[in-house]
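What follows draws every value from the coordinates through simple rules; no lab data is involved. On a predicted model such as this, the values are computed, not experimentally measured, just so you know. Cβ coordinates were reconstructed from backbone atoms using ideal geometry, including for glycine residues, and neighbour counts include every protein chain displayed.
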Amino acid sequence: MFTKQELQVINQTLTQKREWLAKNISSAEGQARIALEQNLQSIESILQKISSPLRTTGEKTSVNHYISEKTISPIRQAALTRRLELAPGHIRVLLVDDDQLICELVDAYLRAAGIQLIDYANDGMRGISMMYEANPIYDLVLCDWNMPGKSGIDVHNAMRAAERYLGTVFMLVTAVSEAKQIRTAIEDGVDDYVVKPIEQDKLMKKIARFFPRVKAD
C-alpha cells in the first residue's frame, strides 16, 4: 500500500502527464493519436482510483486532484481501435451541405481515395435524421458550418447526444477562418475542420489522421 505522501506525489505527477497528453492529442496523427488517447484513458483511471484514499484522510492536503468527466467510453475506445484497420472502401461517410457543388466536389475527392460509401443531406435537419436512421452508423461526418435552420454545430451536438456516435469522426467544412470560433468548436468536441475552398490534399491528410489506411497523397 502507498502512504498518503506517496499518493500525493503520484497524483501530482499523473495530473501533469494528463495535462500534457490533453494538449498534444489534437496534433498527433493516426496510430500515435490513438496511443495518446489510450494513455490518457489509463491515467484517468488511475487518478480516479487513488482519489478515494486521498479524500478519506482526515488531514488537509494541498493536492489539486483532477477527476475527469471525459474519460473515453467503451464505445469510443472500440471505434478508435476499429479505425486502425478500417479500409477506405468500408468507411461510411455522411456529407451535410446545402451547396450541391460542394457535395459533388468532396464526393469526387473521397472516391479518388477509395472511399465509396457516401450519403448526402442538403440541410442540417435531414443530416440529423439520416444519422439517427443509419444502420450501421456513419464513421465520418463532413458537415457545413453555416446552413439555414440547423447549423453544423447543431448537427454535431445532436450526433454526440446519441451514444452510438461517440466514436464517429465529425469535421466541419467552413469558410470561417476566425481562430477563436474554430478553437471553441474543437473544445466542444468537433474532431477537425476543413476550410473552404476545399483542397483535396489537405482534406485527405486530415481524414488520414483518423483513418490510417486512407492514403493522404
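Summary table
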{"quantity": "The stretch 121-177: C-alpha gyration tensor shape, a/c 1.5 cut-off, then a/b vs b/c", "calculated": "prolate"}
{"quantity": "Estimated distance in nm for a label pair at GLU104 and THR184, the labels positioned 7 Å out from Cα along Cα-to-Cβ", "calculated": "3.5"}
{"quantity": "Mean Cβ neighbour count within 10 Å, used as a protection proxy, ranking 97-109, 144-156 highest first", "calculated": "144-156, 97-109"}
{"quantity": "Computed magnitude of the charge dipole of the stretch 116-169 (debye, nearest 20; Cβ of K, R +1, Cβ of D, E -1)", "calculated": "100"}
{"quantity": "Intensity falloff of the stretch 84-210 expressed as log10 I(q)/I(0), Debye formula with alpha-carbon point scatterers, at q = 0.13 Å⁻¹", "calculated": "-0.46"}
{"quantity": "Net lengthening on full extension, VAL195/GLN116 (0.36 nm per residue, minus Cα-Cα)", "calculated": "26.2 nm"}
{"quantity": "Net lengthening on full extension, ALA35/ARG160 (0.36 nm per residue, minus Cα-Cα)", "calculated": "42.8 nm"}
{"quantity": "Rg(Cα) / (2.2 N^0.38 Å) computed for the stretch 142-217, rounded to two decimals", "calculated": "1.10"}
{"quantity": "Around ASP98: net Lys/Arg minus Asp/Glu count, Cβ-Cβ under 14 Å", "calculated": "-3"}
{"quantity": "Where only C-alpha atoms are counted, convex hull volume of the stretch 174-214 per residue in Å³", "calculated": "60"}
